[in-house]
Amino acid sequence: MKLGDLATHLGAELRGDPNLEITGVNGIEEASSSEVTFVANIKYKSLARTTKAAAIIVEPEFEELTVATLRIANPYHAFSRTLGLFYTGPSYPPGIHPTAVIDASATIAEGAHIGPLAVIGPQVEIGPGATILAHAVIYAGAKIGARFFAHAHSVVREFCILGDDVTLENGVIIGADGFGFSKNERGEWVKIPQASYVRIGNRVDVQANATIDRASIGVTEVGDGTKVDNLVQIGHGSRVGQNSLICAQTGLAGSSIVGNNVILAGQVGVAGHLTIGDGVILTAKSAVSHDVPPGKMISGIPGFDNRTWLRASAVFQRLPDISKRLNALESKVEKALSQPADQPSDEKP
């Protein structure tokens with residue numbers, strides 16, 4: 001592909017030779033003289049002067065360089081689009097593998113690829129263009145929209161509803177029973193029937209081995225455009241809004257409410273029956289047990305305002321020295337108090 005053609009495709013301003021031949025994309029330190037790279041983080045700015053790349057995708061105000069530049073408002077997204085032009089994934093042509101098990105009452109629209117040993121239960125409805133790979137299982141009564149992509153060993157449980165353009169990576173389970181038990185008169189834990197379902201919106205990606213549980217009553221929901229990372233647990237009856245990021249190893253206890261455009265960074269914990277407002281960011285390893293108003297950035301365990309947390313963290317590193325100085329000061333005070341009032345102190349002023 002010519003660099004000028006790439007600039008036109010991206011809608012970027014090109015400063016450089018439009019006839020440069022581009023063969024691929026790569027990181028800024030690894031890119032060769034026929035590859036495109038990008039700078040979206042200021043920490044990599046200096047590498048733009050030494051890269052061997054044919055061209056760099058940068059913001060419009062980026063400094064002038066000897067290497068060609070493609071200037072655009074969102075370099076990271078532009079790089080993602082460029083990567084899509086050069087990457088060709090596996091092809092899954094329409095067809096049903098002879099070992100797939102599909103109930104006669106299931107309805108599967110045109111263009112589906114059903115892989116080996118996939119299982120599709122009774123009364124299932126799947127929209128056009130589905131790709132369901134080996135050993136994926138769709139339980140009875142599930143309803144799934146267009147262009148569904150289920151990687152190997154993913155599971156959609158009974159009666160769950162998924163929108164269009166949903167992708168489930170390997171090992172995902174949508175609609176497993178929520179963790180609900182009550183004690184009987186003998187003090188034994190007895191399972192509460194998890195009689196409800198999970199509803200997933202459009203353009204939702206759920207990464208490997210994540211689980212989204214069904215509830216006993218009410219619906220567990222994930223809104224349009226939200227992305228759920230590996231090993232995330234979304235508890236029964238929780239509701240996650242639109243365009244939020246739920247990062248790796250995060251856990252939402254039951255009946256958590258998470259707003260739109262929220263970022264829950266890795267290993268965040270949210271106690272049940274809480275509301276996390278729109279635009280909130282919980283930084284990595286934070287844990288909250290209280291509602292969080294919209295727009296807040298929270299850190300720590302227990303979680304509190306990020307700016308306060310940063311100051312507290314700085315003080316925490318100085319605690320051994322502060323403790324040593326405090327002990328010395330206490331010793332001086334105790335010594336001074338133990339001396340008679342008319343006896344001069346041997347301490348220097």
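The table for this structure:
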item	result
Residue 295 vs. criteria loosely packed, with under 13 Cβ neighbours inside 10 Å, out of contact with any helix residue (DSSP H, G or I) (no Cβ under 6 Å at 6 or more places or on another chain) and modelled with pLDDT of 90 or more	yes
Residue satisfying all of: in the stretch 5-40; surrounded by fewer than 17 Cβ atoms within 10 Å (Cβ to Cβ) and of a type in the set (Asp, Glu); nearest to residue 84 (Cα to Cα) among these	5
Answer from 146, 195, 142 - the residue that is under 28 Å from residue 93 (Cα atoms), of a type in the set (A, V, I, L, M) and out of contact with any Asp or Glu (no Cβ under 6 Å at 6 or more places or on another chain)	142
Answer residue from the stretch 80-128, given it is under 30 Å from the mean Cα position of the chain (by Cα) and polar (S, T, N, Q) and is nearest to residue 23 (Cα to Cα) among those	82
Hits in the stretch 298-327 (condition: in contact with a strand residue (DSSP E or B) (Cβ under 9 Å, 6 or more places away or on another chain) and loosely packed, with under 11 Cβ neighbours inside 10 Å)	307
Unmet criterion (only one of (1) surrounded by 14 or more Cβ atoms within 10 Å (Cβ to Cβ); (2) part of a helix (DSSP H, G or I); (3) not β-branched (Val, Ile, Thr)) for residue 46	(1)
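The values are calculated or read from the model by the stated rules, or taken from the named source; none is laboratory data. Since the structure is predicted, the reported quantities are computational estimates derived from the model, not experimental observations. Counting neighbours? That spans all protein chains shown, and the Cβs are built from the backbone with ideal geometry, glycine included.
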